[in-house]
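These notes are about the structure you will find just below.
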Amino acid sequence: MNSPSHVILNTFLLRNRAGEYLKFAALGSFLPDLAITIFSIYVFSFTNYSAEYVWNDYYYNSDWQGFFQASHSFVIWGLVIGVAYLLKVNKLLWLGVGGLLHSTCDFPLHNGDAYQHFYPLSNWKFHSPVSYFEVDHYGLYWSVIEASLMIWIYIKFFRQQANWWKYLVLFWGVLMAGGAFLAILINYGIINP
């Protein structure tokens, strides 16, 4: 899933349980992709690498992989939740729940770029038959489902909530999900702008 979609979905799913800690759960929903976000900003701002090289080679063979794997690890997020629970640090607990839910949603939606979800205990990767972006693994279909789900959540949430930050997060996510769908259509030549 796209990063904003994780934040939207997790905020929606945890809205009744997290209570006053919902902002921390929403932040935790983004944290697994923070390293990839920093990586992208760095690579496209400070190198002359082509996008093709970055996403087909450098992404998989760089020292950044350790950060990508650790930030999507069920083991690490489980430890964060366990420690937060034992120490009764609710903000950290909900941050961990957001991160774990993000990683759980990613598990069935990554093929070629699958994560080591049991890192550091195992290097095993589940290469799902479904990818959130790879067209040859139903990425086009998933992008339609993801964008539709984000719009549905936005409409449903819009009716229920009055907090400005939730509107902003949801609106951002709907735009990003729609943009990702459009990018897939353009990238694979389905539409020509």
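Residues in the range 1-33 that are farther than 13 Å from Leu95 by Cβ and among the aliphatic types (A, V, I, L, M): Met1, Ile8, Leu9, Leu13.
The single residue among Ile76, Ile81 that is more than 19 Å from Thr11 (Cα to Cα), aliphatic (A, V, I, L, M), assigned to a helix (DSSP H, G or I) and modelled with pLDDT of 95 or more turns out to be Ile76.
Quick grid of which residues meet (1) at pLDDT 90 or above; (2) of a type in the set (A, V, I, L, M, F, W, C):
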| position | (1), (2) |
| --- | --- |
| Asn10 | yes, no |
| Asn16 | no, no |
| Asn48 | yes, no |
| Ala70 | yes, yes |
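For the residues Gln65, Gln69, the requirement of being surrounded by 12 or more Cβ atoms within 10 Å (Cβ to Cβ), closer than 30 Å to Val89 by Cβ and without any contact (Cβ under 8 Å) to a residue 12 or more places away in the chain singles out Gln65. Taking the range 43-60 as the range and being in a helix (DSSP H, G or I) and either among the hydroxyl-bearing types (Ser, Thr, Tyr) or within 15 Å of Asn123 (Cα to Cα) (or both) as the test, the residues that pass are Ser45, Tyr53, Tyr58, Tyr59, Tyr60. Here Val83 clears all of (1) of a type outside the set (D, E, K, R); (2) closer than 18 Å to Phe24 by Cβ; (3) without any contact (Cβ under 8 Å) to a residue 40 or more places away in the chain; (4) crowded, with 18+ Cβ neighbours inside 10 Å except the condition numbered (4). Scanning the range 22-44 for residues that are over 22 Å from Gln69 (Cβ atoms) and surrounded by 20 or more Cβ atoms within 10 Å (Cβ to Cβ) gives Leu22, Phe24, Ala25, Ala26.
Run down Leu95, Leu86 and say which single residue is hydrophobic (A, V, I, L, M, F, W, C) and either closer than 22 Å to His117 by Cβ or not in a helix (DSSP H, G or I) (or both). Residue meeting the stated conditions: Leu95. When the residues of the range 1-15 are filtered to those that are polar (S, T, N, Q) and part of a helix (DSSP H, G or I), the one that is farthest from the chain's Cα centre (by Cα) is Thr11. Only a single criterion out of (1) buried (at least 18 other Cβ atoms within 10 Å of the Cβ); (2) in contact with a helix residue (DSSP H, G or I) (Cβ under 6 Å, 6 or more places away or on another chain); (3) of a type in the set (S, T, N, Q) is not satisfied by Asn90, namely (1). Condition first: aromatic (Phe, Trp, Tyr) and surrounded by fewer than 12 Cβ atoms within 10 Å (Cβ to Cβ). Now tell me which residues in the range 45-62 satisfy that. Correct list: Phe46 only. From the list Ser50, Ser62, Ser71, the lone residue that is under 27 Å from Val135 (Cβ atoms), under 14 Å from the mean Cα position of the chain (by Cα) and of a type in the set (S, T, N, Q) is Ser71. Go through the range 5-16 and give me each residue that's buried (at least 24 other Cβ atoms within 10 Å of the Cβ) and of a type outside the set (Ser, Thr, Tyr). Passing the criteria: His6, Val7, Ile8, Asn10.
The values are calculated or read from the model by the stated rules, or taken from the named source; none is laboratory data. Computed from a prediction, not measured in an experiment: that's the story for all the values here. Because the Cβ atoms are built from the backbone with ideal geometry, glycine has one as well, and the counts that use them run over all protein chains shown.
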